[in-house]
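One structure is given here, and the rest of the page talks about it.
Each value in this text was obtained by applying a stated rule to the coordinates, not by laboratory testing. These figures come from a predicted structure and were not determined experimentally. Every residue, glycine as well, gets a Cβ built from its backbone with ideal geometry; the counts of neighbours run over all protein chains shown.
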Amino acid sequence: MKNITLPLASALLVLSASSMMGRAAAPPASMRQKPETQSKIFSGTIVKNGDTYVLIDAGTKTSYVLDDAQKASPYEGKKVKVTGTVDVANNTIHVETIQEIA
């Protein structure tokens, strides 16, 4: 029985070690990019909807709530380019900048 156990244990050890060597280590969390936090540029017209401002993109028929009413209010009714990040769950743009389009 001892003659079978030792070779079997050695074979299992070699197999488990070789399967682990083929795996690449995952990059640290600080190096992973989160796509939802990358800034994007959106264009459309800003309209007021109650107490909030909304960017309406007529081309894609999409609307986004703008999270910064103070930045959005001067551009109400105007065509603009908004730079910010999207919260997909709430369809909200976290506004970084707004520029009027001529």
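Of note:
- 5 angstrom amide H check on Glu76, placed H, neighbours 5+ away: none
- Taking every DSSP bridge with both residues inside region 41-102, close to 90 percent are antiparallel.
- The modelled label-to-label distance for the pair Thr60/Ile101, using points 7 Å beyond Cα in the direction of Cβ, is 1.2 nm.
- Kirkwood hydrodynamic radius (C-alpha pairs) into Stokes-Einstein, region 36-100, 4 °C and 1.567 mPa s, D in µm²/s: 114
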